[in-house]
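Here is the structure we will look at, set down as structure tokens.
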Amino acid sequence: MQIASSFERDRRIFGDLTAADARALAGAFEAKRLPKTAFLARQGEPDAMEYILLSGKAVSLIGDADGREVCVGFFVGPCVITPNLARAADGKSLVSLRLESDGQAASVSAAALLELMRGSSAIEEWANAVLRAELERKTSREWSLALKAKERLEWFRSHYPDHETLFTHSQISSFLGMTPVTLSRLRNPSR
């Protein structure tokens with residue numbers, strides 16, 4: 001199913017692209033509905049796609065051999081998911097991207113997006129802006145991990161104001177590099 005024409009006008013995704021460039025970009029993506037717990041990508045498996053979360057919410061996870069997961073990213077649609085360049089190596093995903101609610105996602109091969117970028121300087125600028133924003137987000141999170149636990153929670157609340165109600169506290173605590181108990185104590189200091 002192709003993305004609806006109303007989506008190509010969504011500035012949260014396509015920014016200031018002209019209608020023609022947004023239409024060309026949106027037309028390259030294929031959208032589908034996905035149930036809660038569906039994966040867009042799985043850590044260690046082949047992944048050559050770019051994704052847009054049209055609706056719903058998703059997390060980016062890194063797992064270990066014992067089955068423990070660390071949350072390294074949150075997505076609430078509509079938004080662009082971390083570019084393939086920043087989440088894959090040697091053609092394999094470095095993270096798992098899992099839906100946390102029913103939703104709709106769109107995908108296009110990274111190679112097809114690269115061809116669109118080569119054909120349009122505006123689309124290339126859009127893609128570079130998406131990548132810069134992701135690098136800024138990751139750098140900000142890395143810096144936050146050097147803060148004390150209470151300051152990390154304050155940082156989280158300022159950067160992700162509604163996420164405490166949208167995502168599980170275990171995901172938030174792992175994202176912030178603390179235990180769920182520590183997060184609970186910080187959230188409820190009077191207890």
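Derivation of every value follows stated rules applied to the coordinates shown; laboratory data play no part. Everything numeric here is computed off the predicted structure, so don't read it as measured data. Cβ atoms come from the backbone with ideal geometry, glycine included; neighbour counts cover every protein chain shown.
For the range 71-114, the equivalent ellipsoid derived from the Cα gyration tensor has semi-axes of 19, 14, 9 Å, listed largest first.
Taking Cα centre as origin and charging only the Cβ of basic (Lys, Arg, +1) and acidic (Asp, Glu, -1) residues, the dipole magnitude of the chain rounds to 740 debye.
A helix-only calculation puts the chain at -12000 deg cm²/dmol for mean residue ellipticity at 222 nm, using -39500 (n - 2.57) for each DSSP H run of at least four residues, averaged over all residues.
Hull volume per residue, based on the alpha-carbon atoms of the range 145-191 and their convex hull, is 71 Å³. Highest GNM mean-square fluctuation, the chain, Cα pairs closer than 10 Å: which of 174, 121, 144? Fluctuation is largest for 121. Specify whether the C-alpha gyration tensor of the range 95-139 places it in the rounded, prolate or oblate class, a ≥ b ≥ c being the square roots of the eigenvalues: rounded for a/c under 1.5, otherwise prolate if a/b is larger than b/c and oblate if not. It is oblate, given that a/c is not under 1.5 and a/b is not larger than b/c. State the answer as a single residue: which of 75, 91, 48 lies farthest towards the positive end of the charge dipole of the range 1-140, with beta carbon charges of +1 for Lys and Arg and -1 for Asp and Glu, about the Cα centre. Going by the charge dipole, the pick is 75. If you sort the three axes of the alpha carbon gyration tensor as a ≥ b ≥ c, you get a/c of 1.5 or more for the range 14-63 and a/b above b/c, which makes it prolate.
Work out how much length residue 125 to residue 55 would gain on full extension: take 0.36 nm times their residue separation and subtract the Cα-Cα distance, in nm to one decimal. That works out to 22.8 nm of additional length. Spacing of the modelled spin labels on residue 136 and residue 38, each 7 Å from Cα toward Cβ, amounts to 3.1 nm. Placing one equal scatterer on every Cα of the range 103-172 and applying the Debye formula, the log10 ratio I(q)/I(0) at q = 0.11, 0.12, 0.19 Å⁻¹ is -0.46, -0.53, -0.89. For the range 30-110, what class follows from the C-alpha gyration tensor (a ≥ b ≥ c being the square roots of its eigenvalues): rounded when a/c is under 1.5, otherwise prolate if a/b is larger than b/c, else oblate? Verdict is oblate for the range 30-110. Taking 0.692 mPa s as the viscosity and 37 °C as the temperature, the Stokes-Einstein diffusion coefficient of the chain based on its alpha-carbon Kirkwood radius rounds to 187 µm²/s. Annotation for the range 3-62 versus the range 111-148: alpha-carbon center distance of 14 Å.
Legend: calculated FRET efficiency, residue 18 to residue 151, from the Cβ-Cβ distance at R0 = 30 Å, rounded to 0.05, equals 0.10.
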